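Heads up: the structure comes next, in structure tokens.
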Amino acid sequence: MFLALLGATFIVALAVSGVVMRAFNPPIDRILKRIIADDISEGWLQYVRFAILVVGVSAGVRVYDLERYINPNRFTNDSQALSLTRDRWVLEVYRTVIETLQGIAWLLLCFFAVALIAYVIVRVFELRREKQASGSVSET
């Protein structure tokens with residue numbers, strides 16, 4: 001029963017991560033193309049997709065928490081393992097969805113914060129270049 005729960009949480013975390021990855025793929029692609037403006041942005045997009053999947057699955061499948069069902073002595077003095085009832089299954093699947101989304105949300109928050117800083121830097125250099133170009137045109 002434990003292996004089925006582990007497999008189910010893995011599949012749910014992978015599915016949720018895949019849905020979020022597809023939902024955020026277009027904005028991340030546009031941001032990377034704007035900041036990097038080169039073919040290398042495709043490689044960075046692939047990396048961010050991979051990071052979303054890895055972070056989502058690792059946050060969603062909480063092996064340490066699931067271990068309560070097979071090794072209860074590690075967590076409490078009770079020598080009896082928790083039983084996997086229908087209610088516990090629902091709770092574990094719900095926790096998997098929430099933890100997956102929470103992990104991905106933190107990843108994307110960090111990505112967008114760094115992307116915002118990079119965008120400001122790129123924009124400042126573009127404005128300087130435009131100012132220099134317009135200054136050299138007016139001198140001639």
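The values are calculated or read from the model by the stated rules, or taken from the named source; none is laboratory data. Everything quoted here is computed from the prediction, not taken from an experiment. Neighbour counts are summed over all protein chains in view; Cβ atoms, including those assigned to glycine, are modelled from backbone coordinates with ideal geometry. To get the accessible areas, we keep the full protein, side chains included, count just its heavy atoms, and leave off ligands, DNA and RNA. Shrake-Rupley method; radii C 1.70, N 1.55, O 1.52, S 1.80 Å.
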### Message
One residue is enough: does segment 2-18 have a residue meeting the conditions open to solvent by 60 Å² or more (accessible area, probe 1.4 Å) and in contact with a Phe, Trp or Tyr (Cβ under 9 Å, 6 or more places away or on another chain)?
### Response
no
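Table: residues versus (1) of a type outside the set (Ser, Thr, Tyr); (2) closer than 15 Å to residue 13 by Cα.
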residue: 36; (1), (2): yes, no
residue: 55; (1), (2): yes, yes
residue: 90; (1), (2): yes, yes
residue: 105; (1), (2): yes, yes
residue: 115; (1), (2): yes, no
residue: 119; (1), (2): no, no
residue: 122; (1), (2): yes, no
residue: 127; (1), (2): yes, no
### Task
Report, by residue number, each residue of segment 91-121 that is open to solvent by less than 40 Å² (accessible area, probe 1.4 Å) and among the hydroxyl-bearing types (Ser, Thr, Tyr).
96, 100
### Query
Could you count how many residues in segment 112-132 are in contact (Cβ under 8 Å) with a residue 60 or more places away in the chain and of a type outside the set (Phe, Trp, Tyr)?
3
### Message
So for segment 57-79 (the condition being within 26 Å of residue 117 (Cα to Cα), modelled with pLDDT of 95 or more and outside any loop (DSSP other than H, G, I, E, B)), does at least one residue qualify?
### Response
no
